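Inspection log for the structure reproduced underneath, given as C-alpha cells.
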Amino acid sequence: MKYISTRGNAPELTFEEVLLTGLASDGGLYVPKEVPQFSKEEIESWRDLSYTELAHKVIYPFVEGSVDSDSLKTMLEEVYGGFGHKAVAPVQQIDHNEYVLELFHGPTLAFKDFALQMLGRLLDYVLERRHEKVVIMGATSGDTGSAAIEGTKACKNVDIFILHPNGKVSEVQRRQMTTVKGDNIYNIAIEGNFDQAQDMVKASFGDQSFLRGERKLVAVNSINWARIMSQIVYYFYSALNLGAPVRPMAYSVPTGNFGDIFAGYMAKKMGLPIEQLIIATNSNDVLHRFMSKNQYEVHPLRHTITPSMDIAVSSNFERLLFDLYDRDGEALSALMAKMNAKEEVVSLDEDKLAKARELFDSYAVDEDTTVKTMQDVFDETGYLLDPHTAIGVKAARECRRNTRIPMITLGTAHPVKFEEAVQRAGYEMPALPHHLTDLMDREERLNVLPAELDKVQAFIAENTFK
C-alpha cells in the first residue's frame, strides 16, 4: 500500500513511513493511493467474526508490506483484549431503529482508545525494527492526550509530549493524562486554547530543527493515518451487527476534527452500505456552517461542556476535500491556502458541495439543547449519555432521512468524564470503572507553559536530550 499527499507535491510513502511522518512535506495529509474494496459477498462473510478478527480483515490491506499478518493479529488481540467489554464496541438501542455505538470501553473511556492503543503497538513494532527513537508531540482538547499516553507509555523508543489548554479540560480528562507514571511522559498545560496548542504542533512538524536532527516528530493527532484506519473497523462491526450489508446504515458522529466521521466515509468507499453521515457539532460549528451555507470562516473558539469538540479548525476535512476535488492536489493546495489564511469567507464550487451533500448532513447543538437531550434520553430509557454523544443523538433526530434503516450515533465517551454536563442535567455522577477508582487520589505531574512556540520547543528539547 502506497500513500499520497492531499496537496500533490510530496513523495509517495509506505505505511511504515506514513506512520512516522505525520504531515506531508508539502503541508498536506497522507491518504491511501488506492482504497481497498470489499464486495457485498465478502462483507457478508464477516458477519460472525469477533471484533479483533474483523479488525484484521479491514486493517491489513492498509499496512500490507510494512506489518506482517501474524504480528498485526497479535497487536489487535493485545489491544482489544484489554477493553472492559467483551464485545469491544457494543450497540445499545435507545429507540426503534435508533442506537448508540458504545466506544468508551477502552482504558481511558473514550473512542480514541481504539486508534491510539493500536498506534502505540505499531510504533513499537516499527521502531524496534528500525532501531530508532522518536518524539511524539500532540495537542488535545480532552481525550486524545490520555489515550495517546496510555497507548504509548510502555513504548521503549518514544518520548511523549502532550499539550492541553490549561483549565479547559475536565478534571477526569486531565487526571487521566497527568497521573500516568513514566519517565517518557510529559504533560504541558498551555496558557491558551486548543487551537493555539494545535498550531504549535503543526509549526513544530513544519520545522523540526529544535530536535537537532537527532529525533523525528511523530503525530498522534488524527492527522496520523493509523488513527483513521483503526476507526474504520467499528463502522463495519456495528453495521454487520444490525443487518449490513443487506440493510444500509446511517450514522451520526459527534466531531470536531473530522477524523472519526472521515473513517465512516472511508468505510463507505470500501463497500459498506452507508446511506447518510451526519456531522454533529457543538457551537464551534465551522463544519455545519460550511455544509449548510457553503461558508468556511473560522470563528473565535468557544469553551463548552463538550470540550473534545472545542475546535475551530477541522484538520481532517482536507482529506474529504481532496476527494471532492477529484484528488487534484494542485487545486486543493490553492483552496487550503485560502482557508488557512483565515482572512476571508471561502466557498466551494457548487458542484463540489452538492457531491458532499449526497452523503453528509450537518447540525449544530447548543449547550442547553445538549443538556435537554441528555435528560430526554434518560427519561425515555434510563440511559445516561455523555454530552458529546447527546449532540450526536440530537443531530440524528433532526437530520434523519430514512426512519426505516438503523440510525447509529457514535457514543464517543463515558459520561463520568464530564461532571459539569451530568450535574447540569440533574443527575448523580456515575461511578468510575474499577481500574480508575483511585484516579482522584493519584499524584499529578504537569508543566504549565505560555502559548509560545519557542518556549514549548525548548522544553521538549531539554527533556528529550537530558
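The values are calculated or read from the model by the stated rules, or taken from the named source; none is laboratory data. Keep in mind that what you see is a predicted model, and the values were worked out from it rather than measured. Cβ placement follows ideal geometry from the backbone for every residue including glycine, while neighbour counts extend to all protein chains displayed. In case anyone asks, the SASA skips ligands and DNA or RNA and just uses the protein heavy atoms, side chains included. Shrake-Rupley method; radii C 1.70, N 1.55, O 1.52, S 1.80 Å.
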In region 334-349, residues that are closer than 17 Å to His299 by Cβ, surrounded by 14 or more Cβ atoms within 10 Å (Cβ to Cβ) and not charged (D, E, K, R) total 4
For region 285-314, the count of residues that are in contact with a Leu (Cβ under 6 Å, 6 or more places away or on another chain) and either under 21 Å from Met407 (Cα atoms) or modelled with pLDDT of 90 or more (or both) equals 1
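What do you reckon, is Gly22 among the small types (Gly, Ala, Ser) and either outside any loop (DSSP other than H, G, I, E, B) or open to solvent by 40 Å² or more (accessible area, probe 1.4 Å) (or both)? Let's see the steps before the verdict.
On the way: among the small types (Gly, Ala, Ser): yes; either outside any loop (DSSP other than H, G, I, E, B) or open to solvent by 40 Å² or more (accessible area, probe 1.4 Å) (or both): no.
Answer is no for this residue.
Residue by residue, here is whether (1) polar (S, T, N, Q); (2) modelled with pLDDT under 95 holds:
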residue	(1), (2)
Met339	no, yes
Ser347	yes, yes
Phe360	no, no
Asp366	no, no
Glu380	no, no
Ile391	no, no
For region 28-50, the count of residues that are open to solvent by less than 10 Å² (accessible area, probe 1.4 Å) and in a helix (DSSP H, G or I) equals 1
Original post:
touching a residue at least 60 places away in the same chain (Cβ under 8 Å), over 16 Å from Thr179 (Cα atoms), part of a loop (DSSP other than H, G, I, E, B) and open to solvent by 80 Å² or more (accessible area, probe 1.4 Å): does that describe Arg445?
Top reply: no
Ala89: passes all of (1) modelled with pLDDT of 95 or more; (2) over 18 Å from the mean Cα position of the chain (by Cα); (3) open to solvent by less than 70 Å² (accessible area, probe 1.4 Å) but (2)
Thr389 meets each of (1) of a type outside the set (A, V, I, L, M, F, W, C); (2) assigned to a loop (DSSP other than H, G, I, E, B); (3) open to solvent by less than 40 Å² (accessible area, probe 1.4 Å) with one exception, condition (2)
If you go through Ala115, Ala89, the only one that is within 25 Å of Met177 (Cβ to Cβ), part of a helix (DSSP H, G or I) and in contact (Cβ under 8 Å) with a residue 60 or more places away in the chain is Ala115
Counting only residues in region 182-207 that are surrounded by fewer than 18 Cβ atoms within 10 Å (Cβ to Cβ) and free of Cβ contacts under 8 Å to residues at least 40 places away in the same chain, the one nearest to the chain's Cα centre (by Cα) is identified as Asp199
Region 189-283: helices (runs of 4 or more DSSP H) wholly inside it with 2 or more residues that are closer than 26 Å to Tyr3 by Cβ and touching a Phe, Trp or Tyr at 6+ places or on another chain (Cβ under 8 Å) are 225-241, 259-269
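Given the residues Glu398, Glu452, Glu428, which is the only one that is more than 30 Å from Glu191 (Cβ to Cβ) and without any contact (Cβ under 8 Å) to a residue 12 or more places away in the chain? Spell out the reasoning first.
Details: Glu398 fails: without any contact (Cβ under 8 Å) to a residue 12 or more places away in the chain; Glu452 fails: more than 30 Å from Glu191 (Cβ to Cβ).
Answer to the check: Glu428.
Filter region 112-131 for residues that are charged (D, E, K, R) and within 14 Å of Ser146 (Cβ to Cβ); which is surrounded by the fewest Cβ atoms within 10 Å (Cβ to Cβ)? Explain how you work it out, then say what you get.
To start, the set of residues in region 112-131 that are charged (D, E, K, R) comprises 112-113, 121, 124, 128-130.
Of the ones still in play, those that are also within 14 Å of Ser146 (Cβ to Cβ) are 112-113.
Numbers: Lys112: 33, Asp113: 26.
Step by step, filter region 112-131, then rank; the result is Asp113.
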| task | Inspect region 240-257 for any residue being among the hydroxyl-bearing types (Ser, Thr, Tyr), open to solvent by 10 Å² or more (accessible area, probe 1.4 Å) and touching a residue at least 60 places away in the same chain (Cβ under 8 Å) and give the result as yes or no. | result | no
Of the conditions (1) open to solvent by 20 Å² or more (accessible area, probe 1.4 Å); (2) in contact with a Ser or Thr (Cβ under 9 Å, 6 or more places away or on another chain); (3) modelled with pLDDT of 95 or more; (4) assigned to a helix (DSSP H, G or I), the single one that Arg327 does not satisfy is (4)
**Request:** Check region 3-10 and report whether any residue there is assigned to a loop (DSSP other than H, G, I, E, B), open to solvent by 60 Å² or more (accessible area, probe 1.4 Å), touching a Phe, Trp or Tyr at 6+ places or on another chain (Cβ under 7 Å) and more than 20 Å from Phe114 (Cα to Cα).
**Result:** no
